[in-house]
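The structure appears below as structure tokens.
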Amino acid sequence: MAQHAEISAILESFKKNAPEPVYSAITKARNDFIESFDPKAAIQVGETLPEFRLSDATGIERTSAELLANGPLLITFYRGEWCPFCNIALVGFQKIIDEIKSKGITFVAISPELPNQSLSTAEKHDLKFPVLSDVGNKYAKQLGILFQQPDSLRPIFEKFGNRLAERNGDDSFIVPVPATILVDKKGVVRNTFIDPDYTERVEPATVLEWINGLTSQEGC
């Protein structure tokens, strides 16, 4: 099943089976953020990617400078392992990771979850790429991709056992917009997919098109 079809199936099931108050609250929060999000405030194509220094799932610090020393960098942000749309997206990247690597591209995923949670995600999905922890969403804030979720969703998250304070190490209830960014070896942003609707995700085929375009220009 294609990624878009998988996401559509989850949305349809949620609409059909979720209690009406839950469905209405989550849908309102999503629509309100879509309306308020300013895409011009987010990282733009042509800008230089701000440097980062983040821990991977085993606690080892990884830096953007270190990763870019190996060539172009592909980054995707995800909200957390609790998010089914994020899990579909991560599995989608997993399916094309060998093609990504064969083009000389380094791929990393970033979430606000603590390293122990990131390790759980990596092991659960048998991921073949690093999962980095942006604790406190400090790096996502630099990129202008934050979603301050409304307090109206807190009891719903608690009901479903999604305790973000425990997962993320803070009670801000903030998550990143699930952005995907391709950066060339000089650290310049070449492509982005930044959609405030967290149910919309870039298709793996589109990412491969980005990479093929970049590598044909740079001769990677």
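The values are calculated or read from the model by the stated rules, or taken from the named source; none is laboratory data. In this text, all values refer to a predicted model and were calculated from it rather than measured experimentally. Quick reminder, even Gly has a Cβ in these numbers, built from the backbone with ideal geometry, and neighbours come from all protein chains shown. Only protein heavy atoms, including side chains, enter the accessible area calculation; ligands, DNA and RNA are left aside. Shrake-Rupley method; radii C 1.70, N 1.55, O 1.52, S 1.80 Å.
Name the residue that is nearest to Asp197 (Cα to Cα), counting only residues in region 74-88 that are of a type in the set (A, V, I, L, M, F, W, C) and either more than 13 Å from the chain's Cα centre (by Cα) or open to solvent by 10 Å² or more (accessible area, probe 1.4 Å) (or both). Ranking the candidates gives Phe85 first. Residues in region 142-155 that are within 22 Å of Val131 (Cβ to Cβ) and open to solvent by 40 Å² or more (accessible area, probe 1.4 Å): Gln142, Leu146.
Counting only residues that are buried (at least 16 other Cβ atoms within 10 Å of the Cβ) and not polar (S, T, N, Q), region 156-213 holds 31 of them.
Summed over region 45-73, the residues that are surrounded by fewer than 13 Cβ atoms within 10 Å (Cβ to Cβ) and closer than 30 Å to Leu153 by Cβ give a count of 1. Among the residues making up region 160-182, those that are out of contact with any Phe, Trp or Tyr (no Cβ under 9 Å at 6 or more places or on another chain) and without any contact (Cβ under 8 Å) to a residue 60 or more places away in the chain are Glu166, Gly169, Asp170, Asp171, Ser172.
Residue pairs whose Cβ atoms lie under 6 Å apart, separated by 6 or more positions or on different chains, with the first residue in region 98-112 and closer than 12 Å to Pro72 by Cβ and the second open to solvent by 10 Å² or more (accessible area, probe 1.4 Å) and in a helix (DSSP H, G or I), are Lys103/Thr215.
Residue pairs whose Cβ atoms lie under 9 Å apart, sitting 6 or more positions apart in sequence or on different chains, and linking a residue in region 11-37 that is of a type in the set (Lys, Arg) to a partner that is open to solvent by 40 Å² or more (accessible area, probe 1.4 Å) and outside any helix (DSSP H, G or I), are Lys28/Pro150.
Of the conditions (1) touching a Gly at 6+ places or on another chain (Cβ under 7 Å); (2) within 22 Å of Asp195 (Cα to Cα); (3) open to solvent by 10 Å² or more (accessible area, probe 1.4 Å), Glu113 clears all except one; give me its number. All conditions pass for Glu113, except number (3). Only one of the listed residues (Val175, Val135, Val202) is within 23 Å of Ile96 (Cβ to Cβ) and of a type in the set (A, V, I, L, M). That residue is Val202.
Say whether the condition of being under 17 Å from the mean Cα position of the chain (by Cα), closer than 27 Å to Phe157 by Cα and surrounded by 11 or more Cβ atoms within 10 Å (Cβ to Cβ) is met by at least one residue in region 7-19. Yes, region 7-19 contains at least one residue that is under 17 Å from the mean Cα position of the chain (by Cα), closer than 27 Å to Phe157 by Cα and surrounded by 11 or more Cβ atoms within 10 Å (Cβ to Cβ).
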